[in-house]
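Please read the structure below before turning to the comments.
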Amino acid sequence: MNHRNKNNHLGRKRGHRKSLLSNMASSLIKKKRIFTTLAKAKALRKYIEPIITKSKIDTTHSKRNIFSYLKDKTAVSELFKDIFQKTRERPGGYTRIIKTGFRFGDQASFSLIELVDFNEIYDSKKRKKPVRRSKKKIKKMNNE
């Protein structure tokens, strides 16, 4: 039974899993999107979302706390730059996981994890609301 076991151990011991998630999180912050297996992407989401939430407070203390998770100075400085201003306004849900298929070698489910605010494809398509017309105007147009 798997009761009260919230985290996925990913087939690794604690130290290896901790460094794996730290490296993946710093890569995600630097590159804004990475390809990985679905299980690692879900574990990374649980790891990085609280880190981004802590980065909303721009103090030395929060920078040091985040550095204890990431162990990468460039990723921490990137997280506190003006680039992440859009992320600070968001109340949560900073990452998106998209399933892309299966890996050729072992058929593991492969996915893309990305930061939501840095996807140019979704930002470029501004969706317009459909125009709603009242029934009276439609009837008048049909009678004329």
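The values are calculated or read from the model by the stated rules, or taken from the named source; none is laboratory data. If you're wondering where the values come from, they're calculated on a predicted model, not measured in any experiment. So basically every Cβ, Gly included, is an ideal-geometry build from the backbone, and we count neighbours across all protein chains shown. We work out accessible area using only protein heavy atoms, side chains counted, and drop any ligands, DNA or RNA first. Shrake-Rupley method; radii C 1.70, N 1.55, O 1.52, S 1.80 Å.
Just wondering, is there one or more residues in segment 14-22 that are modelled with pLDDT of 95 or more and in contact with a strand residue (DSSP E or B) (Cβ under 9 Å, 6 or more places away or on another chain)?
no
Among the residues of segment 8-18, which ones are part of a helix (DSSP H, G or I) and either touching a residue at least 40 places away in the same chain (Cβ under 8 Å) or open to solvent by less than 40 Å² (accessible area, probe 1.4 Å) (or both)?
Within segment 8-18, Arg17 is the sole residue that qualifies.
Pick from Ala75, Ala41, Ala25: which is open to solvent by less than 30 Å² (accessible area, probe 1.4 Å), in contact with a strand residue (DSSP E or B) (Cβ under 8 Å, 6 or more places away or on another chain), of a type in the set (A, V, I, L, M) and modelled with pLDDT of 95 or more?
Unique residue meeting the criteria: Ala41.
Search segment 44-72 for residues being over 22 Å from Asn119 (Cβ atoms) and hydroxyl-bearing (Ser, Thr, Tyr), and hand back the single one that is surrounded by the most Cβ atoms within 10 Å (Cβ to Cβ).
Checked segment 44-72; the qualifying residue surrounded by the most Cβ atoms within 10 Å (Cβ to Cβ) is Tyr69.
Which count do you get for residues in segment 84-121 that are under 14 Å from Leu28 (Cα atoms) and among the hydrophobic types (A, V, I, L, M, F, W, C)?
7
From the list His61, His3, which one is modelled with pLDDT of 95 or more, over 21 Å from Ala108 (Cα atoms) and more than 19 Å from the chain's Cα centre (by Cα)? Working first, answer last.
On the way: His3 fails: modelled with pLDDT of 95 or more.
After ruling out the rest, the residue left standing is His61.
Report yes if some residue within segment 88-101 is open to solvent by 80 Å² or more (accessible area, probe 1.4 Å), farther than 20 Å from Asn7 by Cα, modelled with pLDDT of 90 or more and in contact with a Ser or Thr (Cβ under 8 Å, 6 or more places away or on another chain); otherwise report no. I'd like the intermediate steps shown before the answer.
Keep residues of segment 88-101 that are open to solvent by 80 Å² or more (accessible area, probe 1.4 Å), which gives 89, 91, 99.
Then keep just the ones that are farther than 20 Å from Asn7 by Cα; that gives 89, 91, 99.
Those still in the list that are modelled with pLDDT of 90 or more too: 91, 99.
Among the residues that remain, those that are also in contact with a Ser or Thr (Cβ under 8 Å, 6 or more places away or on another chain) are: 99.
Within segment 88-101 (the criterion being open to solvent by 80 Å² or more (accessible area, probe 1.4 Å), farther than 20 Å from Asn7 by Cα, modelled with pLDDT of 90 or more and in contact with a Ser or Thr (Cβ under 8 Å, 6 or more places away or on another chain)), the answer is yes, since at least one residue qualifies.
Under 8 Å between Cβ atoms, at least 6 apart or on separate chains: pull out the pairs that start in segment 46-65 with a residue that is over 16 Å from Glu78 (Cβ atoms) and end on any residue that is open to solvent by less than 70 Å² (accessible area, probe 1.4 Å) and among the charged types (D, E, K, R).
Correct list of pairs: empty, since none qualify.
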